[in-house]
Every structure is written in structure tokens, then in C-alpha cells.
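Since the structure comes first, as C-alpha cells, the remarks are kept for the end.
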Amino acid sequence: MTHALPPTPVQPSGPVDTSPISLTPAAGIDLDPVWRCVVPETRTRSNDIHLPISLAYAERLCRAHPEADAELVRVAILLHDTGWGRVDESRIISEGFSGDWRKAEIRYEHERQGCLIAREVLPPLGYSEEFVAAVCAIVDGHDTRKEAYSLEDALVRDADRLWRFDHAGIALASGWFGLDPATYCDRLAREIVPELLTEAAVAMASADLARSNRLLRTDVLRNEETREVAP
Ligand SMILES: [Fe+2]
Ligand SMILES: [Fe+2]
């Protein structure tokens with residue numbers, strides 16, 4: 001069941017954990033059957049890094065928002081990018097990460113494919129038609145739609161962004177965009193933090209980014225002419 005999205009940034013009603021995400025991996029084994037169904041799709045576009053880390057963030061966000069339907073958030077984030085596994089891989093970098101990358105046709109295609117995968121995988125595992133429809137409503141448009149429909153949608157969107165603030169996300173995504181880590185960290189602060197919909201995600205992103213900047217020594221490993229933030 002989804003809940004209406006309160007005014008943003010949504011205030012937490014539970015605890016907000018800003019420690020390194022590696023300290024709180026996704027808990028439980030209840031989603032293992034879903035994972036097993038999408039192993040081939042996790043081999044594309046580093047989904048095998050992105051999806052488990054984002055699931056760990058999603059579970060943290062659900063603890064900060066205990067009113068949300070955690071099962072819906074967890075299944076939606078697990079499946080949201082599996083559609084990349086069924087699109088032409090050569091177009092992922094050429095179209096998916098350049099120009100107006102959020103509106104590239106390949107983006108719409110991975111969202112559509114992700115919904116098809118959810119409809120294939122979830123019903124045989126016993127998930128109800130209503131639940132599958134709610135998952136698809138979140139997966140469809142997760143990158144290309146500007147607004148979030150519900151609190152659960154907002155938590156999935158924030159978890160999808162938060163993984164990039166961890167050093168593993170910076171390592172992968174800076175390469176996708178052809179940026180050095182320092183320039184990419186600047187972009188995270190400037191463009192991605194303002195997109196976050198929950199106060200809890202802003203706190204997690206800020207703590208992660210400060211740690212990642214220190215760990216990767218972006219104060220010195222940068223081109224002086226592209227410096228955007230004070231050291
Ligand atoms: Fe996506
Ligand atoms: Fe994603």
C-alpha cells in the first residue's frame with residue numbers, strides 16, 4: 001500500500017543513520033528468491049553493485065520512515081534497474097550517460113523492461129497483483145519522471161541516488177560520466193543533493209560525501225581550473 005507524499009523535504013519520524021553504508025548491509029533473506037530470479041540482469045551496468053547498496057540505503061530510509069510500506073520500497077529498489085539487463089548494452093554509455101541523459105530513449109526502455117521483469121518474476125513468488133502493480137508504478141518513470149507519486153516512490157528515488165555518495169558509487173559512476181572523482185563529487189553536491197526528497201537522505205548523502213571526499217583526497221587530486229568547492 002502506498003502513502004501520500006508529505007511536503008518535501010519529508011521529515012523523518014524514525015532514527016536517521018549516517019554511518020558508512022557498509023556497516024548496515026541489507027538485512028534478512030526474505031528477498032533472496034527475488035534476487036535469484038534476476039541474477040543475469042545484475043550483470044549489466046554494475047547492477048550487482050548498485051542494487052544491493054541501494055537496497056541497504058532503502059532499508060535505512062524505511063527505518064527513518066516507519067510509516068512507509070517497507071516491503072514495497074525494498075522490492076521496487078531491488079528491481080528498478082534490472083531492465084538495463086535487457087536493452088542493447090552498447091547504447092547504455094553512448095546514450096544513457098551523455099547529453100540529456102535522463103530523457104534518452106534508452107532510459108524509457110530500461111524502465112519499461114524493468115516493469116516487464118517485475119511482472120514475470122513476482123507473481124510466481126506469491127506477490128499479489130496489487131503489490132506488483134504498485135512496484136511497477138514506482139519502477140516506471142523512476143529516472144524520467146520528475147515527481148514522486150507517493151512516500152514509497154520518494155524513498156526508492158532517494159535510495160537510487162544515495163549509493164552514488166558512497167565511494168563504491170563514486171568509483172563506478174564517475175567513470176560512466178567520464179569525470180574524475182573530484183569533479184564527480186562536486187556534481188553530486190551541486191546537482192544530486194538538491195534532488196533528494198527526504199531530510200534523512202540529505203543527512204546520509206552529506207555525511208557520505210564528506211567521508212568520500214576525504215578518503216579519495218579530492219582536495220588535492222583535482223584540476224585547479226575545475227575546482228568548484230573550497231578545499
Ligand atoms: Fe534507472
Ligand atoms: Fe538506479
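The values are calculated or read from the model by the stated rules, or taken from the named source; none is laboratory data. Because the structure is predicted, anything quoted here is derived from the model rather than measured. Methodologically, a virtual Cβ is constructed for each residue, glycine included, from the backbone with ideal geometry; neighbour enumeration extends over all protein chains shown.
The table below lists the values:
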read-out: When residues of the stretch 71-112 are limited to those that are away from ligand 1 (no atom under 13 Å from the Cβ) and of a type in the set (Ser, Thr, Tyr), the one modelled with the lowest pLDDT; value: Ser98
read-out: Any hit, the stretch 5-21, residues being assigned to a helix (DSSP H, G or I), closer than 16 Å to Ala201 by Cα and among the hydrophobic types (A, V, I, L, M, F, W, C); value: yes
read-out: Unmet criterion (only one of (1) of a type outside the set (Asp, Glu); (2) under 16 Å from Val156 (Cα atoms); (3) surrounded by 21 or more Cβ atoms within 10 Å (Cβ to Cβ)) for Pro52; value: (3)
read-out: Inter-residue pairs, beta-carbon under 9 Å, first farther than 26 Å from Val121 by Cα and in a helix (DSSP H, G or I) and in the stretch 75-100, second within 11 Å of ligand 1 (Cβ to nearest atom) and among the aromatic types (Phe, Trp, Tyr), 6+ apart; value: Glu95/Trp101
read-out: Residue list for the stretch 196-227, restricted to those being closer than 17 Å to Val156 by Cβ and of a type in the set (D, E, K, R); value: Glu199
read-out: Top-ranked residue in the stretch 140-166 [being in contact with a Lys or Arg (Cβ under 8 Å, 6 or more places away or on another chain) and farther than 19 Å from Asp69 by Cβ; ranked as surrounded by the fewest Cβ atoms within 10 Å (Cβ to Cβ)]; value: Thr144
read-out: Selected residue [free of Cβ contacts under 8 Å to residues at least 24 places away in the same chain, more than 22 Å from Arg119 (Cβ to Cβ) and either within 16 Å of ligand 2 (Cβ to nearest atom) or under 16 Å from the mean Cα position of the chain (by Cα) (or both)] from Ala104, Ala70; value: Ala104
